[in-house]
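Encoded as structure tokens, the structure appears first; notes follow it.
Each reported figure results from applying straightforward, stated rules to the coordinates on display, with no laboratory input. All of these numbers come straight from a predicted model, not from anything done at the bench. Every residue, glycine as well, gets a Cβ built from its backbone with ideal geometry; the counts of neighbours run over all protein chains shown.
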Amino acid sequence: MNPLERYAPLVDDREAFFAACERPLPSVVRVNTINATPERAKRALDEEGLGYEDVEWNPQLLRLDERGPGTSWPYFHGWLHGQEEVSALPAIALDPQPGEKVWDSCAAPGSKTTQLSAMMDDTGIVVGNDNNLGRLSALRHNAERLGVTNLAVTKQDGRNFSLKPFGFDAFDRAIVDAPCSCEGTIRKNPDTLDQWTLNHVHSVAAIQKGILSRAIQATRPGGTVVYSTCTFAPEENEAVVDHVLETEDCDVVAFDCPLESVSGVTEWEDETYDDRVEKTHRIYPHLNDTGGFYCAKLEVTA
Amino acid sequence: MSDELKSNVGQQFGRLPATPADREVESRASRKEVIEFFDERFGIEPTVFEAFTFWEKGKGKIWIFADDVPTPIRIEGLGMTVLRTRQEHWKPTHSAVQRFGHHASKNVVDLSAEEAARFARGKDQELPEWDGDWGYLIATHELAGDRVPVGVGLYLYDELRSTVPKGNQESMTVL
């Protein structure tokens with residue numbers, strides 16, 4: 001059985017949902033504002049005769065007519081970075097400010113990490129962590145290419161991350177874009193679901209709870225933590241947020257989602273979740289012609 | 001000071017001393033020398049680097065970081081690679097030139113559309129018309145109405161060698 005069938009009861013339009021999951025994703029790039037303004041990047045694309053259209057909800061995102069920006073001059077110069085439209089959302093929800101200290105617990109390969117740096121005008125510090133050396137090398141390569149100078153890269157298990165090397169006690173903000181069952185990337189990787197098992201969903205959910213808990217502990221009171229996945233499974237989304245609401249000092253914060261979304265679910269199979277998860281956002285592929293996504297914004301309360 | 005702080009340990013970053021007189025790690029470049037290098041060689045004003053700190057990880061590999069952290073620090077990366085100081089002639093990195101090269105006012109060679117495309121592919125080329133210094137130059141081309149750095153070239157005997165790293169080389173359109 002197609003694992004996506006389990007989510008059919010959650011979506012408003014079953015047919016549109018499955019049809020969108022079958023279509024390839026549009027090719028989207030983010031303008032790297034460390035090196036160029038959107039106007040400058042567009043002038044360069046125009047000069048090369050490459051077509052694009054604006055993404056209505058964000059002036060820094062462009063949908064390209066052709067697939068892949070790899071061999072264009074603005075890409076060569078680090079003015080553009082290939083990034084799926086919906087994956088620009090968690091950094092926007094986090095809203096990092098110049099000069100702040102920000103933790104990206106699962107940073108590689110670095111699309112969101114470098115987006116955080118750009119939003120901070122490449123000042124302050126983004127600590128980009130990952131536990132896989134190969135993925136860290138992709139993160140390093142992307143950060144160099146995009147001219148990021150405010151990134152410190154660490155290789156630790158996010159669940160017991162230590163701030164000791166840095167000489168400060170807490171971050172202003174943290175982002176947990178967690179490893180997940182990746183169901184929402186089906187449009188990019190059509191074989192994603194071949195390996196799908198419910199056991200994997202449960203084991204990855206345990207890791208997600210560990211990393212999100214650590215992120216809340218490592219963020220100062222009043223600070224912000226954003227949790228996101230590219231999966232539809234409530235076990236990996238609302239259940240993880242429900243868990244930290246019970247075990248950590250935090251609360252869910254409402255945020256304006258610039259993409260069409262639906263509320264987090266409070267009931268799933270035999271489970272019920274804290275009502276506050278209704279302020280989190282689910283994004284299905286058919287709603288905005290993107291990948292699938294989940295995003296929650298939390299405030300650290302003590 | 002412990003031996004670990006005094007020597008260059010490959011797995012950790014050490015902050016560059018302010019001046020050569022403050023040097024505790026043998027042969028480590030100082031912040032002053034790094035900033036003077038970019039000023040003297042390329043005319044990049046020292047104020048460009050005012051807010052940054054400089055670090056060494058492994059002998060002669062200099063990194064630039066937007067903030068500050070305790071030294072030494074054992075992590076995987078700190079900012080961006082900026083300069084190689086191991087050889088007699090210091091070499092700015094491709095990333096450094098992409099990020100800061102637009103501030104340069106000398107030892108900048110303007111390439112034509114064809115020359116820039118060749119350079120981006122990593123190819124060497126004859127360039128006898130250059131009558132400036134030999135050594136490392138910043139190669140630029142015109143894009144979107146500005147001169148934009150393409151990378152670091154090494155100029156020797158009428159030839160401009162491209163040092164664009166393999167992972168960054170691309171077959172680009174001739175604009």
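Compare the peptides B:64-77, A:243-256, B:92-105 by average per-residue count of other Cβ atoms within 10 angstrom and give them in order, highest first.
Numbers: B:64-77: 18.7, A:243-256: 16.0, B:92-105: 22.0.
Order by mean packing, descending: B:92-105, B:64-77, A:243-256.
Take every residue in peptide B:93-105, count the Cβ atoms of other chains within 10 Å of its Cβ, and give the average of those counts.
Per-residue shielding by partner chains comes out at 3.
Could you tell me the ratio Rg/Rh of segment A:26-83? Both radii from Cα atoms, Rh via Kirkwood.
0.89
From other protein chains only, count the Cβ atoms within 10 Å of every residue's Cβ in B:149-155, then give the mean.
What the average comes to for B:149-155 is 1.
Of B:LYS57/B:LYS166; A:LYS112/B:LYS91; B:LYS32/B:LYS59; A:LYS101/A:LYS155, which sit over 26 Å apart, Cα to Cα?
A:LYS112/B:LYS91, as the Cα separations exceed 26 Å there.
Rounded, prolate or oblate: which one fits segment B:107-168, using the alpha carbon gyration tensor with axes a ≥ b ≥ c (rounded when a/c is under 1.5, else prolate when a/b beats b/c, else oblate)?
oblate
Would you mind checking which residues have amide H under 5 Å from A:GLY147's amide H? H placed 1.01 Å from N; only 5 or more apart, or other chain.
Those lying under 5 Å, H to H, from A:GLY147: there are none.
Mind checking B:63-72 for the average number of partner chain beta-carbons within 10 Å of each residue's beta-carbon?
Going residue by residue through B:63-72 and averaging, the value is 5.
Using +1 on the beta carbon of Lys and Arg, -1 on that of Asp and Glu, and nothing else charged, what's the dipole of chain A about the Cα centre, debye to 20?
Approximately 1280 debye in magnitude.
What does the charge add up to near A:PRO285, with Lys and Arg as +1, Asp and Glu as -1, over the other residues with Cβ less than 12 Å from its Cβ?
-3
Provide the packing ranking of B:36-49, A:131-144, A:87-100, i.e. peptides ordered by the mean count of other C-beta atoms within 10 Å per residue, highest first.
Ranking, from highest mean packing down: A:87-100, A:131-144, B:36-49.
To make sure I understand the rule: partners must be lysines, Cα under 17 Å from the Cα of A:LYS209, and not fewer than 8 residues away in the same chain. Which ones qualify?
Candidates past the 8-residue exclusion: A:LYS297.
Shape call for the protein assembly as shown from the C-alpha gyration tensor, a ≥ b ≥ c root eigenvalues: rounded (a/c under 1.5), prolate (a/b greater than b/c) or oblate? Each step should come with its number before you reach the end.
Details: a/c = 2.51, a/b = 1.48, b/c = 1.70.
The shape class here is oblate.
If I fit a long axis through the Cα atoms of helix B:31-42 and take the longest principal axis of the Cα atoms of chain B, what angle between them do I get, 0 to 90°, rounded to 10?
The answer is roughly 10 degrees.
How large is the convex hull of the Cα atoms of segment A:216-302 per residue, expressed in Å³ as a whole number?
87 Å³
Among DSSP beta bridges lying fully in chain A, give the percent that are antiparallel, nearest 5. Spell out each step's value before the answer.
On the way: 28 of 45 bridges.
If we restrict to bridges inside chain A, about 60 percent are antiparallel.
Does segment B:3-101 come out rounded, prolate or oblate, given a ≥ b ≥ c as the square roots of the eigenvalues of its C-alpha gyration tensor, rounded meaning a/c under 1.5 and, failing that, prolate meaning a/b above b/c?
Note, shape of segment B:3-101 comes out prolate.
Two decimals is fine: what's Rg over Rh for segment A:153-285, C-alpha atoms, Kirkwood radius as Rh?
My calculation of the ratio gives 0.97.
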